[in-house]
Amino acid sequence: MFGRTHLTIAAFSLTMTALTAHNLPSAAAQSTPLVLRGGHWCGTPQVMPTTYQAPPAPSPFLAAQRVIWLNRAGGTYSGGPNTNSATNTVSSGIFGSGTFTVAPMSNRFDWPTLVACVKEHYKPYNVRFVETKPTSGKYVQAVVGGTGDEVRVGGGGLLGIAAADNFCGVTEAGIAFSFSEAHVGISRQTEELCATVAHEIGHVLSLEHEILGKDTMSYVPISSSVTKSFVNAESQCGTEPGRTNACSCPITSGSNNTNSGKRLLEALGARPTDNVAPTITIDSPKANATLGPSFPVTATATDNMGVESVVLLINGQERGSDEMADTGNKYIVNAINLPEGEHEIIMQATDNAGNITKTAPIKITVAKQVTGGDCLSNSDCKGNLCADDGTQKFCTESCSLDNDTCPSGFDCAAVGATAVCAFSADDETGGCCDAGNSSSSAAMFGAFMVGLVLLRKRRTA
Ligand SMILES: [Zn+2]
């Protein structure tokens, strides 16, 4: 995967032997010897332990499945004493103490293809991938974006680098950077990017480089190796055939060999066997409902071992997914901007073992909503205005204070410099709509945000 040309391994080895587990090079110290012009390389320091480190032992307490967040949106990262995926902190020992920003992945790569490929690499192991930032618990962050220039570690050709503080073990809150835009123009670029993402995550999960070409932890590009995976076979440590180095994480003390497939099994455990499919039901919308062009679809999904994702299918096409359940095993995916007419909705749950269950399809009709109807955005409404009262959203329309054309149950109310139809103030006092109410509405709802009018929704039904 990392191009085979012009790797000045003598310089590489020289730098590496200077490393110890507790003495990682600063960015500045690395930059001179690690400039491998014309080649593609991985910037993750291969730590030379000062004493032998046994491979991580399988633990009966490791039942919890580790979570890896695939982040294609980029972000800003700062150097600190310890890497922490939740706070975007990276080890200053590797990255220096400054701050850097990684750009999002461009549309030159197909994200669903990339995600499926990375998942395939880790299919044998007990890990779970999500595409939205987890809100709790420890997780590995795999950043996919940028060019590599951001991190100022070494020179051109850098494809990826991992903040793997606990090298040879699992860095539970580690961060793996894969620089998507540095792959543009490489042969089979999406597959190479996939291999880089799997490789950099591998460093966070206890792996070092090895020379076996078909192994994801070698530098050999997929155009030469044909396949890439974590091979359960011994391989000499190094980056490609003929380019060996001493092992950081050997299979036994003093050995020149490592074994990526075996180490991952030891560190992560095997993916549990699970023949029980998840359950899923659609809570809303109801069958035969008439809705605006954008609306949330809510489902309840459960599984004996864990739901990996819930996907919304509209007319057979994937339209979004939710990987993190809300309270009560609720999953929500927004349908956005559907054309007017009839549509078929299915929600599909996948469990951690890959078992899939689909709901029965329900039919709904999409029509732009009249004033008072539900909405998510302005384009859902015939009046092209979606108002937000702070708890829910509803359609409204512009009106004239001089000539109130609002439908029954609504009054024209001034809001800031404009006027819109507001629910009539037929509140609990029984008072009805007069000029006084309208003007007090205007005073009350002085805040006018772009496209969103803050009004109190009063349902008459
Ligand atoms: Zn590497």
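In the stretch 233-254, is there at least one residue being under 23 Å from the mean Cα position of the chain (by Cα) and modelled with pLDDT of 95 or more?
Initial filter on the stretch 233-254 (under 23 Å from the mean Cα position of the chain (by Cα)): none.
Taking every residue of the stretch 233-254 in turn, none turns out to be under 23 Å from the mean Cα position of the chain (by Cα) and modelled with pLDDT of 95 or more.
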Checklist entry - Within the stretch 251-270, which residues are touching a Leu at 6+ places or on another chain (Cβ under 8 Å) and more than 15 Å from the ligand (Cβ to nearest atom)? => result Ala267, Leu268, Gly269
Item to check | From Asn352, Asn334, residue being buried (at least 17 other Cβ atoms within 10 Å of the Cβ), closer than 30 Å to Ala277 by Cβ and among the polar types (S, T, N, Q) | outcome: Asn352
Checklist entry - Within the stretch 172-184, is even one residue assigned by TED's automatic domain parsing to the domain that holds Gly145, away from the ligand (no atom under 14 Å from the Cβ), among the hydroxyl-bearing types (Ser, Thr, Tyr) and open to solvent by less than 10 Å² (accessible area, probe 1.4 Å)? => result yes
Checklist outcome for this item: Residues of the stretch 132-166 being open to solvent by 10 Å² or more (accessible area, probe 1.4 Å), at pLDDT below 90, farther than 29 Å from Ser309 by Cα and not charged (D, E, K, R), in sequence order, are Gly154, Gly155, Gly156, Gly157
Checklist entry - Of all residues in the stretch 205-217 being within 9 Å of the ligand (Cβ to nearest atom) and either open to solvent by 10 Å² or more (accessible area, probe 1.4 Å) or over 24 Å from the mean Cα position of the chain (by Cα) (or both), which is nearest to Cys249 (Cα to Cα)? => result Glu208
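Could you go through the stretch 191-204 and let me know if any residue there is polar (S, T, N, Q), open to solvent by less than 10 Å² (accessible area, probe 1.4 Å) and within 11 Å of the ligand (Cβ to nearest atom). Walk me through it before giving the result.
The first filter runs over the stretch 191-204 and keeps only residues polar (S, T, N, Q), leaving 196.
So of that shortlist, the ones also open to solvent by less than 10 Å² (accessible area, probe 1.4 Å) come out as 196.
Those left that are additionally within 11 Å of the ligand (Cβ to nearest atom): 196.
The answer is yes; a qualifying residue exists.
For the stretch 123-137, indicate whether the set of residues that are farther than 21 Å from Ile161 by Cβ and in a helix (DSSP H, G or I) is non-empty.
Here is the first cut: in the stretch 123-137, the residues farther than 21 Å from Ile161 by Cβ are 123-126, 128, 130-132, 134-137.
Next, from what is left, pick out any that are in a helix (DSSP H, G or I): none.
Within the stretch 123-137, not a single residue is farther than 21 Å from Ile161 by Cβ and in a helix (DSSP H, G or I).
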Checklist entry - Of (1) closer than 17 Å to Pro134 by Cα; (2) open to solvent by 70 Å² or more (accessible area, probe 1.4 Å), Val307 satisfies all except one. Which? => result (2)
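Let me confirm something: among Gly157, Gly148, which residue is farther than 17 Å from Asn82 by Cα, within 16 Å of the ligand (Cβ to nearest atom) and within 22 Å of the chain's Cα centre (by Cα)?
Numbers: Gly157 fails: within 22 Å of the chain's Cα centre (by Cα).
Being farther than 17 Å from Asn82 by Cα, within 16 Å of the ligand (Cβ to nearest atom) and within 22 Å of the chain's Cα centre (by Cα) holds for just one of Gly157, Gly148, which is Gly148.
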Checklist outcome for this item: All-but-one check, Arg319 against (1) surrounded by 16 or more Cβ atoms within 10 Å (Cβ to Cβ); (2) touching a residue at least 40 places away in the same chain (Cβ under 8 Å); (3) of a type in the set (Lys, Arg), failing number (2)
Checklist outcome for this item: With the first residue restricted to the stretch 250-269 and required to be without any contact (Cβ under 8 Å) to a residue 60 or more places away in the chain, and the second required to be assigned to a helix (DSSP H, G or I), Cβ contacts under 8 Å at 6 or more apart or on different chains are Ser260/Gly202
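Within the group Glu344, Glu323, which residue is under 21 Å from Thr298 (Cα atoms) and at pLDDT below 90? Reasoning before the result, please.
Numbers: Glu344 fails: at pLDDT below 90.
Just a single option satisfies the conditions, and that option is Glu323.
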Checklist entry - Are any residues in the stretch 285-306 within 20 Å of Gly373 (Cβ to Cβ) and part of a loop (DSSP other than H, G, I, E, B), and if so, which ones? => result Pro285, Lys286, Ala287, Asn288, Ala289, Gly292, Pro293, Ser294
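In the stretch 351-377, how many are hydroxyl-bearing (Ser, Thr, Tyr) and assigned to a loop (DSSP other than H, G, I, E, B)? Break it down stepwise before answering.
Restricting attention to the stretch 351-377, the residues satisfying the condition of being hydroxyl-bearing (Ser, Thr, Tyr) are 357, 359, 365, 371, 377.
Narrowing the set further to residues that are assigned to a loop (DSSP other than H, G, I, E, B) leaves 359, 371, 377.
The total comes to 3.
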Next on the checklist: Here is a check on your reading of the model: is Gly169 surrounded by fewer than 24 Cβ atoms within 10 Å (Cβ to Cβ) and modelled with pLDDT under 90?
Outcome noted: no
Item to check | Residue count for the stretch 218-250, restricted to those that are away from the ligand (no atom under 16 Å from the Cβ), farther than 20 Å from Pro45 by Cβ and open to solvent by less than 40 Å² (accessible area, probe 1.4 Å) | outcome: 1
Checklist outcome for this item: Within the stretch 270-284, residues touching a residue at least 40 places away in the same chain (Cβ under 8 Å) and either open to solvent by less than 40 Å² (accessible area, probe 1.4 Å) or assigned to a strand (DSSP E or B) (or both) come out as Ala270, Asp274, Pro278, Thr279, Ile280, Thr281, Ile282, Asp283
Next on the checklist: For the stretch 93-124, give me each residue that is in contact with a Phe, Trp or Tyr (Cβ under 8 Å, 6 or more places away or on another chain), in contact (Cβ under 8 Å) with a residue 60 or more places away in the chain and within 14 Å of Ile68 (Cα to Cα).
Outcome noted: Val118, His121, Tyr122
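The values are calculated or read from the model by the stated rules, or taken from the named source; none is laboratory data. It should be emphasised that the depicted structure is a prediction, and the values quoted were computed from it without experimental measurement. Positions of Cβ are backbone-derived with ideal geometry, glycine not excepted, and every protein chain shown enters the neighbour counts. Accessible surface is based on the protein model in full, side chains and every heavy atom, while ligands, DNA and RNA are left aside. Shrake-Rupley method; radii C 1.70, N 1.55, O 1.52, S 1.80 Å.
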